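The values are calculated or read from the model by the stated rules, or taken from the named source; none is laboratory data. Treat the numbers as computed from the prediction; the structure is a model and nothing was measured. Every residue, glycine among them, receives a Cβ derived from its backbone with ideal geometry; neighbour counts consider all protein chains shown. Just so you know, the surface numbers come from the protein's heavy atoms only, side chains and all, with ligands and any DNA or RNA stripped out. Shrake-Rupley method; radii C 1.70, N 1.55, O 1.52, S 1.80 Å.
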Amino acid sequence: MTANAPAPLFSVVTPVYDPPIEVLTATIESVRAQTFPDWELVLVDDCSPNDEVREVLRRFAALDHRISVIERAENGHIVAASNDGLAKARGTFIALLDHDDLLTPHALERNARAIARHEDVDYLYSDEDNIGANGKVTSTFRKPDWSPERLRGQNYCCHLSVLRADLVREVGGFREGLEGSQDHDLILRVTERARRVVHIPDVLYHWRAVPGSVALDRNAKPYAFEAGRRAVQDQLDRLGIGGTVSINQHNWYTIQRQLPAERRVSIIIPTRGSSSVVWGRRRVHVVECVRSALAHTRHENLEIVVVYDGPTPPRVLQELREIVGDRLVLVPFREKFNYSRKVNIGALASSGDRLVLLNDDIEVRSEDWLETLVAPLEEPEVGLTGAKLFFSSTAVQHAGLAFSGGGYYHPFRLAAADDPGPFGALVLNREVSGVTAACLGVRRETFLSAGGFTEHLPQNYNDVDFNLKVRHLGNRVLFVAECQLFHFESQTRNAPVAREEAFFIHGRWGVPRRDPYTPVFPMPERKPHGMRRRGTKSRIG
């Protein structure tokens, strides 16, 4: 604790309804075993049919003065029982504990230490694992740091949630009618107003995986999915974010945002008009890129800005004119190759409110790709968006960048197209450290405020640097899972990185250690993300 800060009192609130006696006993004992002494446990029996449950609760209340019991006269379900617990709680912070789970012995102590470091913290969450009936750990969830976009897709915070009591009461506690996702809804409402959110990267909660529990089977409580969808939709409505929430095939949530028709979008494509064989057919990359980009969007207020090198064949430029018409802006580039400079020149030649950077060796895979990519930028704090990219084989090429272990990586490179990833990382929109410039969306004012792309990095790390500049301005960077494109680069190419570029990026930003948004991922071969570009063919390690 800091010298002047009093130790917090934690109110552990636990609704109880007919758990196995030995499981309930273990749950209560896990609270009594806490190394931090300033807690109270509020147990709310929701009219359990087994009288032995109440006998156990009464016995523990008699044994430890920090334990109190509420016995409801009728079953009101989890929201009513939880609100009864909140009404009795005296603590400065509320900790949520299910009646069949376990806290680690240092759970409250770790939270108290975090509160001492950040006196303005209003919400804390930590990592968790699952334990089976035999007491063995079955999986561990190492969570990202605060990721509000991911929270809309799934209640990734969940256990252990610790919330400032005054703020819980200010937002009205748990809401009736959202049983099954009542915690998700409360966390959404609290974090909208929270001054600070803290992630404690330590397993503090054991979620019991037994038959009938959501930890073992996410389909155990199907009514919870609709309640969660309503909770997320309600948040969008409260915050004025235009979008519709649906339940996806994984029983998480997808947001279809609205891109205003008046929002002008400039798609900037550097090229030299090169061609290669893809899926057995030779193609001029920039032509097919533009053709597919226009075919898979309904947004009409756009322009295509093509920054082309001198060797670009005239017939390629003519074909682009025929496809795009008067929405085409052709910008010649006759200097020594510098990818960053080509991007900056394209941005200066554009007129859009939103800029989309696109490699020429791209083909769109998903409908409404442009709307899906650009619409999240309507949220003021979102500075950059990036797509999910696939190799021609359909293996994943990009799903956000991780800055970790001294390098810059595609953490899910070569994952199968239908792989949801660990805890949904490949199918959920979420905050990331960076996104590749092979497909990147940004507001014009953000691009200009960040100073555009750094021309000291002509080939490699230019997008890494740009992501870091945008984040330094206080913006969030989003991976948008539903925006999907093919990126026709080699799966095995190992692009060399100029030493001076590596020195530049590390000298400016330091050497990355732990990625805040992808703390654990399948480690690739140790080669940096650096982008080596000849023409516009990106080489991403």
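When Ala62, Ala114, Ala81, Ala73 are checked against the criterion of being among the small types (Gly, Ala, Ser), open to solvent by 60 Å² or more (accessible area, probe 1.4 Å) and part of a helix (DSSP H, G or I), a single residue qualifies: Ala62.
Within segment 275-300, the set of residues being outside any strand (DSSP E or B) and touching a strand residue (DSSP E or B) at 6+ places or on another chain (Cβ under 7 Å) comprises His285, Val286, Glu288, Cys289, Val290, Ser292, Ala293, His296, His299.
Residues in segment 1-57 that are in a loop (DSSP other than H, G, I, E, B) and without any contact (Cβ under 8 Å) to a residue 40 or more places away in the chain: Ala3, Asn4, Pro6, Asp18, Pro37, Asp46, Cys47, Ser48, Pro49, Asn50.
Of all residue pairs spaced 6 or more apart or on separate chains, those with beta-carbon atoms under 7 Å, a first member in segment 416-439 that is in contact (Cβ under 8 Å) with a residue 12 or more places away in the chain and a second member that is in a helix (DSSP H, G or I) and of a type in the set (A, V, I, L, M) are Gly434/Val464. Of the residues making up segment 223-256, those that are outside any loop (DSSP other than H, G, I, E, B), open to solvent by 50 Å² or more (accessible area, probe 1.4 Å) and either at positive phi or modelled with pLDDT of 95 or more (or both) are Glu226, Arg229, Arg230, Asp237, Arg238, Leu239, Thr244, Ser246, Ile247, Gln256.
The residue that is surrounded by the fewest Cβ atoms within 10 Å (Cβ to Cβ), counting only those in segment 117-143 that are small (Gly, Ala, Ser) and under 24 Å from Pro15 (Cα atoms), is Gly135.
Scanning segment 423-470 for residues that are touching an Asp or Glu at 6+ places or on another chain (Cβ under 8 Å), over 14 Å from Ser340 (Cα atoms) and assigned to a strand (DSSP E or B) gives Arg430, Glu431, Gly434, Arg443. Checking the stated criteria, Val316 turns out to be of a type in the set (Val, Ile, Thr) and within 19 Å of Asp361 (Cβ to Cβ). For segment 257-281, a residue qualifies if it is in contact with a Gly (Cβ under 6 Å, 6 or more places away or on another chain) and open to solvent by 40 Å² or more (accessible area, probe 1.4 Å), and the qualifying residues are Gln258, Arg264, Arg272. Scanning segment 361-420 for residues that are crowded, with 18+ Cβ neighbours inside 10 Å, of a type in the set (Gly, Ala, Ser) and in contact with a strand residue (DSSP E or B) (Cβ under 7 Å, 6 or more places away or on another chain) gives Ala375, Gly383, Gly386, Ala387, Ala399, Gly400, Ala402, Ala415.
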